[in-house]
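No lab work stands behind these numbers, since they all come straight from the coordinates. Everything quoted here is computed from the prediction, not taken from an experiment. Positions of Cβ are backbone-derived with ideal geometry, glycine not excepted, and every protein chain shown enters the neighbour counts.
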Amino acid sequence: MPPRTDETAAPADTPTADRAALRIAVLADSDTRWKWGALTARRLSGASESGTAERPVEISGLLLRGRATPTPRQLAEVGEVGEVGVDAGRVREVTAVEFLHTVRDEEYDVVVLALVGGAVQAMLHGLAALELPRRPVVVTGYVGVVYEKLADGLLLRHGADVVLANSRHDAARFRAVYEGVGADASSVTEAALPFLGGEPHRAQEGRDTVVFAAQPSVPASRADRTYLLRRLVEHARLHPGREVLLKLRSKPGEHTTHIEELPYQRLAERLPGGLPPNFRLVYGHMGEVLDRTDLLVTVSSTAALESLHRRIPTAVLSDLGVRETLGNHHFVGSGLITSWDHLDGGVRPEPDEEWLAGQGVAADGSYASAYDTARARVGELLAAGPLPRLAPYYTPATAPGYLPGILARHHLGPDGHPLPGAVTPRETGRVRGAVRETVRNAARGAYRHGVQRVAPVIRRMGEL
C-alpha cells in the first residue's frame, strides 16, 4: 500500500484529533480474529449501530500471512465486513515486516492487533523499534472466552496501550496477572465482545430449531467428536418435527483460529445409517443462524455468549465431562451445564443472572454503553500528543530465553528490527515476489493437507 496522498491526509505534526478522518488499521491472523478486530475498530471509532461516528472513519484490513489466514469465502461469510466499511476484496495479506513498513508509511491513528499472543508481542516490539515521532495507539485483546494459557497470553499482550477485557470477570483476572508480576496493569480496559447483537429471541409458531455450534479443536479426539455427532443425529431422529442444524466454522481444507484435524463433515460421511431428513450441516454468519435458533447447544463455543445475549435458550454439554481441556469449566455457575440425555427429554437450562452480569453478555440492555470506557481511553491517548515508546513486559533482559524465539518466528531480531533477509516483495521485485507468493500458497496447502489427512493417520498408527 503506497503512502497516503489524498486531500484528507494530515501533516505529521498535525494533532490526531484535528485530522479529517480517524485512520485505523486492523491486523488479524484468522477469520474469527478478523471479525473481532474489525468490529472492535468500529466500536472504538464511536460508530453507532447505524454506522455513523463523530469523525469519518477509515479502516484498513490487513491479514498476517500464516497457516490460518482466512480465505475470501471465510472473509465474506463473516458478514460484518460491510458494517465496518471494509470490502473483503480490499483486505490484503502481509508479512510482519510488511505490516511494520505499512504502519511506518501510513500514519495510522489506531492499530488493532487481532492476533495470537506471540504475534502481538512481536508486533509490539517491531512497532517500538520503528521509533515513530507520532506512533498510533495500539489496542489488542481476546476474541472470546479466555479459558487457557491466561498468564502466557496476557503477558504476550502486555505493552499495548489498551488490552481489552470482554467482561468484568476477565478485567479482574487480567489486572491480577499483571500486578502479580509487577507489570503495569493500567492498560486493562473492560468492554465486551464486539459482535454481540441481533434481536432478542422470540418463539415462532411452527418453528423448532436446535443448533449445535461446532468447534475446530474441542473436543480433539475422533471418538469424542463422533460421539457428539451421533448424539446430535439421534436427537434429530427422536424429534422428527424439529430442525436440527450442525453449525460449522469452516469447510475441509480451510483453517480457523484453531486447527481442525477431524472435520465433522468427514465424520458425517462415515456415520452408520446416514443422516435423517431433518438434520443439516450449515455454514454462514452465526448471527444469521441464531435468528432462527430456538436452542443453542455447544461444548464451550463463544457462540453460547452470542446466544445468551439474545436470550436464546442455551445448553453447555457435560457429556464428555466438565474439564479445563474442553473449556466448559468456564460455564460453572452459569446454570447452563447439562447433557444430551436431559436435552432429549425436553430440559431447557435457565441461565444464572448473576453469572451473566459478570460475563459481559449484557442481555439487560447495557450493551450500548459497553465500549464507552474503552472509547474514552483511546480518545485520551489520541489527544495526548506523541505517545511514549511501547514498553512490553518481556524484554531481552526479562525473558532472554523466550522472547528472541517469538520475535524470530516473525523475522524480527531481539531488538525488534527485521532480521537480515526479511525483505518485502516490493524490495525484491514483482517477479520474485510473485514466485515467493506461489511457494507460500503451495506450502500452506501442503500444511493443511498434512494436518487434516496425514497427521491423523500417523496418530492412529502410533496407537496400534
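When peptides 131-140, 182-191, 20-29, 411-420 are sorted by average Cβ neighbour count within 10 Å, with the highest value leading, the order is 20-29, 131-140, 182-191, 411-420.
Taking every alpha-carbon pair under 8 Å whose residues sit at least 6 apart, the range 284-334 reaches a relative contact order of 32 percent. Among 301-311, 385-395, 369-379, the peptide with the highest mean count of other Cβ atoms within 10 Å heads the list, and the full ranking is 301-311, 369-379, 385-395. Taking trypsin sites (Lys or Arg not before Pro) across the range 175-231, the ones in a DSSP loop with at most 16 further Cβ atoms lying within 10 angstrom of their Cβ are R202, R207. The length gained by stretching the chain between R266 and E288 to full extension, at 0.36 nm per residue less their Cα-Cα distance, is 5.5 nm. As a calculated quantity, the FRET efficiency between E353 and R173 at R0 = 25 Å, using C-beta atoms, amounts to about 0.75.
Computed extension gain for D341 through R202, at 0.36 nm per residue and net of the alpha carbon distance, reaches 47.5 nm. Go ahead and collect, in residue order, the members of the range 220-236 whose backbone nitrogen is under 19 Å from a label point 7 Å along the Cα-Cβ direction of T325. Inside the label zone: 220-229.
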